[in-house]
1. Using mean Cβ contacts within 10 Å as the protection proxy, how do 268-277, 32-41 order, highest first?
2. In which sequence would 56, 157 go, from the one with the fewest C-beta neighbours within 10 Å to the one with the most?
3. Over region 302-477, what relative contact order in percent results from Cα pairs under 8 Å that are six or more residues apart?
4. Determine which residues of region 335-379 fall in the zone a paramagnetic label at residue 308 would reach in this model, i.e. backbone nitrogen under 16 Å from the point 7 Å along Cα→Cβ.
5. Using θ = phi - 60° and the Karplus curve 6.51 cos²θ - 1.76 cosθ + 1.60, what whole-Hz ³J(HN,Hα) does each residue of region 331-342 get, with Gly and Pro shown as x?
6. Let me have the 222 nm mean residue ellipticity of the chain computed from DSSP H runs of 4+ only, each contributing -39500 (n - 2.57), with the sum over all residues rounded to the nearest 500.
7. Report, by chain and number, residues whose modeled amide H sits under 5 Å from the one on residue 187, excluding near sequence neighbours (fewer than 5 apart, same chain).
8. Determine, for each peptide in 322-329, 112-119, the mean count of other beta carbons within 10 angstrom over its residues, then list the peptides with the highest first.
Amino acid sequence: MHNLYKRAGDETAALVWFRRDLRDFDHAALHAALAAHGRVHCAFMFDTEILEALASRADPRLAFIWDSVAELRTALEARGGGLHVLHGRARDEIPRLAATLGVAAVYANRDYEPQAIARDAEIAGRLRERSIDFRTRKDQVIFELDEVRTRSGDAFSVFTPYKRAWLARLEPRHTAPQETAPLMARLAPYAGAAMPSLEELGFVRAAPALPGGMASGARQWAAFQGRLAGYAAQRDFPAVEATSRLSVHLRFGTVSIRELVRFARARRSAGAETWLAELVWREFYFAILAARPDVVDHAFRHAYDALAWEHDEAGFRAWCEGRTGYPLVDAAMRELNATGAMHNRLRMVTASFLVKDLGIDWRRGERYFAEKLLDYDLAANNGGWQWSASTGCDAQPWFRIFNPVTQSRRFDAEGEYIRRWVPELARVQGDAVHAPWELGPLEQQAAGCVVGRDYPEPVVRHEAARERTLARYRAARNGRG
């Protein structure tokens, strides 16, 4: 996977294949190609193997990507270059384009997902048949799996010692920008076919929660810098604008992880330290996926593959649609369905509810989030779900089960977030917004929210569900799953 088929000393043409790195600055593969070659072509693939797997033709991620690619193309053209925007199978089109352009090497930033690794290995082989190198660079992360290991050389499976080792290894050179601007004169112009529209790609535009592109990422990043000092104290409250909302920009590479880490490391506030730890969590999950690709379909802790899950289709649909009768869970799911966004605290709450209140397999929830999240990333999504399900590395202990009402009262005490996304509860006053079934019939009538008519009855009673979950996990741990 690392620097496949290098051939030193080439000064001829190269092709840079943009993927999860839709920017023209601080870009490892682009920097390497510009530094080594006199003429550099650029390309992006709308890969049909990825597009055909999407569940919706109105997926807002496609609008985010399309807008980001369009902005990137304009930026490269302003520098005297261009961007080939192709539609087809990457494993066919990238070798074909490289051969047509007569390049000596194709450069790309490494992707760590199992399917991407297999795709890249096949493309490397096809390029090698044409005597073309495939050269990959590290760009999504500060450290890859083989750079942060235990003293015995194993992959870490607990976050705190991983973070300690990660921070101890970090030096200024690891976050130094991969400068591209001084070398942009080497970009090869391209004034070919127009970029295919979303409709030509088979999709319709659905506005994402955040606009795509480098300029959008820069605005979001600039706004968060002013909130960073208060991040530790405010990050868990979904009604407060306290988080960075940069995860989608990190997912598609419209911001640079090196810049974010460099900035956070230079600050000396509790907020900066807490946020930096979140960036390290992201890399921890990348490392877990690289070391254990089987976690895509299996529990990290193998014993929990034996968990006996409920087959509750009505409960699953209620969860998906935000009709569980638990206001914070429902608000979070409705926001996800409407915008593709969900606060990190609410990801934990909703995941815990599906797995430990409804007793439904975590993989079903993980796949639903994969369909809906604008910032969906396999490593982080899988890691987060396995944490909540207590099946993963360094996970929430199996016997600790979030109470959705307690979480609601703690993190949305005034019910501001709930009322924003569950309008049926807009007139429910005070603490009752967290558990409207506790109101008497006349109080429900006065609030215009009769439980069972205007807002659902709880699909499950938490205390009874908790006992079932404890029994389920005990059985799996004792080999009686």
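Bear in mind these aren't lab numbers, they're just calculated from the coordinates by the rules spelled out. Note that this is a predicted model, so its numbers are computed, not measured. Ideal geometry is used to build each Cβ from the backbone, glycine not excepted, and the neighbour counts take in all protein chains shown.
1. Numbers: 268-277: 16.9, 32-41: 22.0.
Per-residue mean Cβ counts within 10 Å order the peptides as 32-41, 268-277.
2. Working: 56 13, 157 18.
The fewest-first ordering by Cβ neighbours comes to 56, 157.
3. Values: 240 pairs, mean separation 48.2, N = 176.
Normalised by residue count, the contact order of region 302-477 is 27 percent.
4. Zone members listed by number: 359-361.
5. 4, 5, 5, 5, 5, 4, 5, 7, 10, x, 10, 7
6. Values: 21 runs with 219 residues, N = 481.
That comes out to -13500 deg cm²/dmol.
7. Amide H neighbours of residue 187: 40.
8. Ranking, from highest mean packing down: 322-329, 112-119.
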